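The values are calculated or read from the model by the stated rules, or taken from the named source; none is laboratory data. As the structure is a computational prediction, the values presented were derived from the model and not from experiment. Backbone-built Cβ (ideal geometry, glycine too); neighbour counts: all protein chains shown. We work out accessible area using only protein heavy atoms, side chains counted, and drop any ligands, DNA or RNA first. Shrake-Rupley method; radii C 1.70, N 1.55, O 1.52, S 1.80 Å.
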Amino acid sequence: AIGARKLRVEQGQMLASTVFSILAATVPRLDDSALAHLSFQMLTQRVGESSVWKAIFETVEGRSHIDKNEAVRLLNNLRQARILGHRHDQALAHLAQQLVRPSQANESPLDSERLVQALASLTRLQSHVEPEALQLVLHKLLDQWLDIQAQLGTDFEKTPASQLLSLFVSFTSMRGYTHHNMRPMLVGASRWLEKRLRPTTTPGDDPLPLEEAFIMVWALQELTPTGLKDYTSLTQVALARLRVSSDLENFSPLRLKQLSEVLLSARHALGKEDTDLEDRTADSLAKHLVDGKCPLDVLIRTMAVWNQAGSKFWNNHTNLAEAIMHRATNFAEDSEKVSMAELASLLETLTKSCFAASERYQAQRGTLLKAVLSRTDSNNNLLARSISLLESGEIPVLPGYYPPGSEEAEADDGAESEVHPEKGETAADRRSGPPLPAGELVLELGKLCREKATNGEIAGVAQLLLSNIDQLKPEQARAALEVVLASSRHVRQIDAVPSLSEVLERLGDMVAMQAATLPPLVLIDLLNKFAELRQPHFFFFERALAVLLTQHSTQGMTAGQVLPILEAFVTTRLNLPQLSQLVLKLRTSTELDRMPTMQLIQFLGVTTSLDALERPQQDVQELVTRILAETSDNKALPVEGIATILSSVYLSGVTLPDSDLRRLLSWLARDYGAEYLNEAETAGFRLFFLAQMAKTDRFASDCLSRMLVDVQRFVRALMQHESATANVPSSKLGRDFKNEVMNTCLAHKAPCQVVSLGPAGTLDLQIGSTGYFLHGPETFFGPSVARTSLRMTPQEQRRCWLLQRLLSDAGTRKRVQDFYPEAKEWPRIKEFRHISWLTWHWADDAERRSLLGLAPTTTTPVRTTAG
């Protein structure tokens, strides 16, 4: 088929189409091994036939069991299919789950090499697989690999070097990945590597090429927060080997960029520069630039590294500076291969960094400017500021550079590279930095988001910003974060643009590190902007809360400042133990006396949503009493206030006195009908009414029957109103978990169904006379991936309690039927069980059957019972 298509004649095209059609139809019948082989051949032959790839993706996704070893091959092949223009995230996610499912009989387990191959593929799927699911798979596979290595010996003494190298380099692409054994693993690897770099290497040890050893050093530096500071002995040995080796001259531009990062980190670790290696690195880089072998992105990233060394580096390496200007001019002239956005990123790096202070830049900027202006896209806003700086030759105030003859330059003479290893910074680093290097990129990104540009356009500028983001100074990072947060709310689905999410994460990390220096109002504003985007940036929230608690203890904060903080944590489903300190400070009688009515309602709402009240019955009752004391028949509460109060009563499980309940419901019946309420208010009121009728105390459960006729009529109308059911939080991981449970039931032919209870919501699963609540990650406070530390939200706790009462108690059923006659059709369930997505994930096949109480055989498909 490939040969026929290359003939470029009509008959050849027809033959190729016929063959590919037959092949696509055959794909579902291939076994796992043949499917992996086919996808590999399609890749190596660069065959992008859509019909065949589609058949492969659909076949993979449709198979409930794929041999784990073949799943590793398929995962790698399907991941690389992106280069042919094909992407299918569901198939990749399915393959990832196949790697950690319980093993079947006669299925070969993944060996050490296969585990490394799987981890290498998985670390490159951050934009394809949901983060929580990906983290779980990585954890389990890495644990398996470490267990195998532990059986072989300590400090990886019998682990093949190729496995360590592949594993560590793979994890450098997983920014922010944490594992409880990561630190011991890095330390053990550093000892392993140092042993093989020393001249006294024990006979029999694996020979390790110097370039591979250097890559390992680079990976260790990338994976360790303190860089090479914790590996000073290894750093000294590695640099000593590099000095006496001629391999450095053969390093590729990417390797030289990585070596630059190692040398800069070594400055801080060892407290001194390695001038010999820095000179040889600069010379090799210059040679690649002159030969035209250095890609644009590598050049930009390498310059960003050495800009951290100050202007002294560029003044000492004029050959490299001249080569950079020569290559930059070539890039500017090549408008066909170098896009405007790529050129903008290069010019940003040239004109707004220490490089702008070099003699070579000033001498050759005219030539570069001429090349830039000759382009048809030179009038774009992204280029305007850089062109202006090229024209003027202006040198902004930069770290490590001061005008000749100035007091700062004289004071800086000889001290520019003074290193403070204990702080990991140079004297130049401690001076005020340059104007925002990525300023125009931040503004352009904000503009694209506000104008609702395509995801591709937003991602392009976000990637450019990420390449420059480490140059930002603290105050610049804060300004950039505020711009991106404010504009990102115009993006329909932020998670669909991974690079935008990463910009928010990186900027959030940078601002979190300086949280102690920011005013409380700024921190509160940033918390609420993250919450508005539903972005639970745990590190930022944790650091901000610690600073705000200190502020509250020393200087005090008003309720108007504290309540938005609590609201942000409610919205993002983060519940840190320290929040109780804020709640206790507002819970005092003095603070409550100062709050106006709507603030009291807000305080009631956030504290019950966070499950933060120590004495719910007493505290909720006191707050409701305070609120109602500010009202009268002619001064009723607005509907949103009543909705918050009743929702809080429902979440806390508190029983209000008839007198309080009568006032609230009378206002609703008098002033509002079902047609005036939005869906959220309607769903909330219905849950409250059902919970009242489901109470175990008979007097409390009959309260609605004691209300005025108008109130009962309102309740009955609202219960039977054609409106949305209760809104239960949902996530992709939670939905996949529930689908997997259902598929397990079907595989064992269990009589199962999803039970819809109308206004009460849905019971996740019924098997026989047993009901099951399937709890996804969205039903717990975050973040957590440990089964023992899960804390269920009040919303989920009350949902489970309510559905159990409705489906198992005859008295509750009878009371509900008076207001909602369809309740008589609901099934009767005797027993209820709870299964979390984590418990299910870590269970093997036998344990899963036990969780569901499944017998070996039964019948019936999934169906939905109307209610």
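Among the listed values (i) 10, 25, 28, 22, 11, 3, 1; (ii) 12, 36, 35, 15, 2; (iii) 12, 32, 34, 17, 5, 0, 0, the one computed from these coordinates for P(r) over Cα pairs in 20 Å bins from 0, in percent is (ii).
The 3J(HN,Hα) values that the Karplus relation (6.51, -1.76, 1.60; θ = phi - 60°) gives for the range 509-518 are, in residue order, 4, 5, 6, 4, 5, 10, 4, 5, 9, 8 Hz. Gly and Pro appear as x. By how many nm would the segment from THR232 to PHE832 grow when fully extended, if each residue of separation counts as 0.36 nm and the alpha-carbon distance is taken off? Full-extension gain reported as 210.2 nm. Legend note: in the chain, cysteines whose Cβ sits 4.7 Å or more from every other cysteine Cβ are CYS294, CYS354, CYS449, CYS703, CYS800. Modelled this way, with points 7 Å down the Cα-to-C-beta line, the labels at VAL522 and ARG706 are 5.6 nm from one another. Cross-link pairs exceeding 25 Å between alpha carbons, from the set LYS370/LYS447; LYS287/LYS312; LYS529/LYS732: LYS370/LYS447. Straight-line reach from LYS738: taking Cα to Cα under 23 Å and skipping same-chain neighbours fewer than 8 places apart, the lysines in range are LYS68, LYS140, LYS749, LYS830.
Computed FRET efficiency, Cβ-Cβ of ASN678 and GLU847, R0 41 Å: what is it to the nearest 0.05?
Values: r = 44 Å, r/R0 = 1.06.
About 0.40, to the nearest 0.05.
Take 254-263, 835-844 and order them by the average number of nearby Cβ atoms within 10 Å per residue, most first; the result is 254-263, 835-844.
Going down the table (LYS229/LYS352; LYS195/LYS293; LYS272/LYS473), which pairs top 26 Å between alpha carbons?
Working: LYS229/LYS352 29 Å; LYS195/LYS293 35 Å; LYS272/LYS473 24 Å.
The pairs that break the limit, which is 26 Å between Cα atoms, are LYS229/LYS352; LYS195/LYS293.
Relative to the longest principal axis of the Cα atoms of the chain, helix 616-629 runs at roughly 80 degrees. Taking the Cα centre of the chain as origin and assigning +1 to Lys and Arg Cβ atoms and -1 to Asp and Glu Cβ atoms, the resulting dipole is close to 2540 debye.
Taking 1 over the mean of 1/r across every pair of different Cα atoms in the range 503-563, what Kirkwood radius in Å do you get? In the range 503-563 this quantity evaluates to 11.7 Å. When each of the peptides 447-458, 791-802 is scored by the mean number of other C-beta atoms lying within 10 Å of its residues, the order from highest to lowest reads 791-802, 447-458. Over the chain, DSSP H runs of length four or greater, each weighted -39,500 (n - 2.57), average out per residue to a 222 nm ellipticity of -19000 deg cm²/dmol. Taken about its Cα centre, the range 229-376 carries a charge dipole of roughly 180 debye when the Cβ of each Lys and Arg holds +1 and the Cβ of each Asp and Glu holds -1.
So what is the accessible area of the chain per residue, in Å², with the probe set to 1.4 Å?
Heavy-atom accessible area per residue stands at 44 Å².
For LEU373 and ASP671, calculate 0.36 nm times their separation in residues minus their Cα-Cα distance, and state this gained length in nm to one decimal.
Working: separation 298, 0.36 × 298 = 107.28 nm, distance 6.79 nm.
That works out to 100.5 nm of additional length.
Each of ALA24, GLN45, THR59 was placed along the dipole of the range 21-73 (beta-carbon charges, centred on the mean Cα), and the one lying farthest toward the positive end is GLN45.
Could you work out the relative contact order of the chain, using alpha carbon pairs under 8 angstrom and six or more residues apart, expressed as a whole percent?
6 percent
The fraction of accessible area contributed by carbon and sulfur in the range 543-593 is 50 percent, rounded to a whole number (1.4 Å probe; ligands and nucleic acids excluded).
Simple spin-label estimate for LYS140 and SER17 gives 4.4 nm between the two label positions (7 Å along the Cα-to-Cβ direction from each Cα). Ordering MET325, TYR361, MET340 by the projection of their Cα atoms onto the charge dipole of the range 273-403, which places +1 on the Cβ of Lys and Arg and -1 on the Cβ of Asp and Glu, puts MET340 at the extreme positive end.
Between GLN514 and LEU592, take the C-beta separation as r, use R0 = 51 Å, and let me know the FRET efficiency to the nearest 0.05. Show your work: numbers first, answer last.
On the way: r = 34 Å, r/R0 = 0.67.
Taking R0 as 51 Å, the efficiency between GLN514 and LEU592 is 0.90.
Got a sec? Which residues in the range 620-634 would a label at ARG662 touch, if it sits 7 Å along Cα→Cβ and we count backbone N under 15 Å? The answer is 633. In this simple spin-label model, placing a label point 7 Å from the Cα along the Cα-to-Cβ direction at both GLU336 and LYS54 gives a separation of 3.5 nm. Ordering LEU807, PHE737, GLN753 by the projection of their Cα atoms onto the charge dipole of the range 730-839, which places +1 on the Cβ of Lys and Arg and -1 on the Cβ of Asp and Glu, puts LEU807 at the extreme positive end.
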